[in-house]
Amino acid sequence: VTGDLAGFLAASWHRGVPLVQVPTTLLAMVDAAIGGKTAVNLRGGKNLVGAVHQPLAVYADTAALDTLPQARLRDGFAEVVKAGVIADAGLFRWLEPRAARLLERRPRLLTEAIDRSVQVKASVVRRDEREAGRRAMLNFGHTVAHALEAASGYRVSHGRAVAIGMVVEAHLAVAATGFPVAELERLERLLAAFGLPTRVPPGLAPERLARAARRDKKARRGRTRYALPLRLGRMPAGSDPTREISDTDLLEALRGLQTGPRRPKLTSL
Ligand SMILES: NC(=O)c1ccc[n+]([C@@H]2O[C@H](COP(=O)([O-])OP(=O)(O)OC[C@H]3O[C@@H](n4cnc5c(N)ncnc54)[C@H](O)[C@@H]3O)[C@@H](O)[C@H]2O)c1
Ligand SMILES: [Zn+2]
């Protein structure tokens, strides 16, 4: 949040001043500090005001993570897993037997996870800075994640929302792109190994989530565009990696993936 706000101010002040990002969360090291996108949330929605402003440099020091709360560390691994799913099946395979040790913060392993995730994000952004096309693949899991965050009044953290969003969108991908069910199960297992949720929490009505997803900037006339993988590490080729999904299909997936009673408290999130 600090990096997004500082980045947005640096982009706006005197029409732009140089900026160095020094991320202190795993999520910011592997994702938010890379790529130049900066934005702040307004009451009306997420990331409504922002700019693209590349930092001169990004310094990620794993020593900063020593004090990070465990739940925030887990959040970061949602984006590391995402990097594996969209562009690096080798990273995904590397993570599978190492989740427990990564959560213990072994420095050498953390450094490798950060390094490999940064490379995925940087190589995608290098080719498409302004999301004309390929950059949209970074949104895997995020259309549903943003809906979860907004519908919960931002009580679901970004990383947890992305974990659930990836599972929902991977279910959509099974029908839309032929994403293998066995790989969907591996995704669910890996997220669970990082202590991340894989089901839509009770208390958030699927209808409300679907409405929030429709407000996404990629939505129009009962259909919304999603960045869906073909397989682990592989997105559809070409300049547009997204596919249109009907709101009915989204609702069905959300209903199938919701756990527990429909309306207990949100405080347990
Ligand atoms: N701009 C982008 O491209 C981009 C990409 C992904 C996510 N984001 C945004 O990033 C935000 C989430 O960022 P986040 O996960 O870094 O959360 P955050 O910035 O909200 O930080 C989480 C918590 O950890 C604390 N904290 C931070 N560093 C710490 C440290 N080293 N030790 C102890 N406590 C520390 C913070 O004070 C805060 O309470 C979301 O709003 C998301 O939308 C932006
Ligand atoms: Zn994200």
- prompt: Identify, please: which residue in region 114-147 is open to solvent by 30 Å² or more (accessible area, probe 1.4 Å), under 19 Å from residue 159 (Cα atoms) and at pLDDT 95 or above and is, among those, nearest to ligand 1 (Cβ to nearest atom)?
  reply: 118
- request: Read through the list (1) within 21 Å of residue 105 (Cα to Cα); (2) touching a Gly at 6+ places or on another chain (Cβ under 9 Å), then give the number of the only condition that residue 50 fails.
  value: (1)
message: Tell me yes or no: at least one residue of region 82-92 is touching a strand residue (DSSP E or B) at 6+ places or on another chain (Cβ under 9 Å), closer than 21 Å to residue 232 by Cα and small (Gly, Ala, Ser).
response: yes
- prompt: Can you tell me which residue in region 24-61 is nearest to the chain's Cα centre (by Cα), limited to those that are under 25 Å from residue 196 (Cα atoms) and more than 10 Å from ligand 1 (Cβ to nearest atom)?
  reply: 45
- request: May I ask you to say which residue of 30, 1 is open to solvent by less than 70 Å² (accessible area, probe 1.4 Å) and within 16 Å of ligand 2 (Cβ to nearest atom)?
  value: 30
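The values are calculated or read from the model by the stated rules, or taken from the named source; none is laboratory data. The model shown is predicted, which means the values in this text are computed figures rather than measured ones. Cβ coordinates were reconstructed from backbone atoms using ideal geometry, including for glycine residues, and neighbour counts include every protein chain displayed. SASA here: full protein model, heavy atoms, side chains in, ligands and nucleic acids out. Shrake-Rupley method; radii C 1.70, N 1.55, O 1.52, S 1.80 Å.
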